[in-house]
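The values are calculated or read from the model by the stated rules, or taken from the named source; none is laboratory data. Every value quoted in this text rests on a predicted model; they were computed, and no experiment measured them. Positions of Cβ are backbone-derived with ideal geometry, glycine not excepted, and every protein chain shown enters the neighbour counts.
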Amino acid sequence: MARMAELAPEMRDIRRDIHRHPELAYEEKRTAAIVAARLREWGIEVHEGIGGTGVVGVLGAAKTGRRIGLRADMDALPIREATGLPYESIHQGLAHSCGHDGHTAMLLCAARYLGEMQRIAGRIHLIFQPAEEGKAGARAMIEDGLFERFPCDEIYALHNWPGLPAGTIATRPGAIMAAADRIEIEVRAAGGHAAEPHRSSDAILCAAQIVTAANTLVARRIDPNATAVLSLTRISGGSSHNVMPAEVTLTGTVRTFDPAVQDRIEQSLRDLVEGTAKAAGCHATLAYHRYYPATVNDAACARHALEAGEALFGRSMLLDAPAFTSEDFAFMLNVVPGAYVWLGQSSPQRCAPLHTPAYDFNDEVLPVGAGLLAALAERRSAA
């Protein structure tokens, strides 16, 4: 960890530079160029343009030992930053409000350390991924031949977690993040004059009934021993106080861990939408898009991560329960056994939640995250 602490100021500067220049999904050209240039500067083999703007660095040439993947995400969010920091985003409406700038800097720091130490028994694949924020960059890299070109026996990633004290290493076997589904409901009616509702069907009333009933689905259609979340987050329709609109749209999300529960919710929601619309004299359709699967850790790999944290820092935390947020590292874990780890970053100075305008990554945990990634690479490649 001493060397990580020495590297931390340089990695902080890289992190803050990336923070000032946020880029959305598949537009991470500047960030990817910084990653590739740094890796080359440190003598690491570099491959670019994987899955769009993805970058992979390769360390170690040994034909024995294991092949370990380490992954960081690079994209930002369409959020207007409100931190007032000297390195605040220069692009209005774009910000690194999820800490991917910190994830990138930590993996770069681990890469430099591993390259200097040259204690790798096998091969390390440093995976810098685009488009985690809802655009499935992990899947894009896989479809572009990621694991055919850079085979991995195990793969690891971490995410900063403001809900835990700074420096805490936490994970669990099995599900750690939920599957994420997007729902879009369209209600159509004839429309008409608001003073004569009896002459037309009411799309707004039908939509309101769908919203009310949908919020009972988890409680009444799902086994109480299972877990799920259904939230309708947007309703849009109408343009005048005296016109009954011909169309109303609803948008929302479903979060689950069990595919059987996911199937049950989708079918129940379809029945609800169609039945409610028919009773109201309207027509309604449901588009149900399953965009991220659940993030499920391999039990052995989760244990390896906890053991590495314990060895490095004298402590690690076995999580009691998963989170209902989602993560496209799930696609990689569907192909390669591995583990997703939370890195606590809360401090009196930094406690803003993820995906909010006031959020900023806590630079104090850079050497902790980098140290964990490097330790996993060294320990597991030699296993």
Check your understanding: Within the stretch 335-354, can one find any residue that is out of contact with any His (no Cβ under 7 Å at 6 or more places or on another chain), at pLDDT below 95, buried (at least 16 other Cβ atoms within 10 Å of the Cβ) and not in a loop (DSSP other than H, G, I, E, B)?
Key -> yes
Revision key, fill the gap. Residue pairs within 6 Å by beta carbon, gap of at least six or interchain, first lying in the stretch 81-95 and among the acidic types (Asp, Glu), second outside any loop (DSSP other than H, G, I, E, B), listed first then second, are GLU81/ALA95
Review point. Residue check: is GLU28 within 23 Å of the chain's Cα centre (by Cα), farther than 21 Å from ASP144 by Cα, of a type in the set (Asp, Glu) and buried (at least 18 other Cβ atoms within 10 Å of the Cβ)?
Key: no
Check your understanding: Right, LEU164: surrounded by fewer than 20 Cβ atoms within 10 Å (Cβ to Cβ), within 24 Å of LEU354 (Cα to Cα) and either of a type in the set (Gly, Ala, Ser) or out of contact with any Lys or Arg (no Cβ under 8 Å at 6 or more places or on another chain) (or both) or not?
Key -> yes
Review point. Tell me, which strands (runs of 3 or more DSSP E) lie completely within the stretch 32-93 with 2 or more residues that are modelled with pLDDT of 95 or more and surrounded by 21 or more Cβ atoms within 10 Å (Cβ to Cβ)?
Key: 54-59, 67-73
Practice item. Determine whether the stretch 142-160 contains at least one residue that is modelled with pLDDT under 95 and in a loop (DSSP other than H, G, I, E, B). Key: no
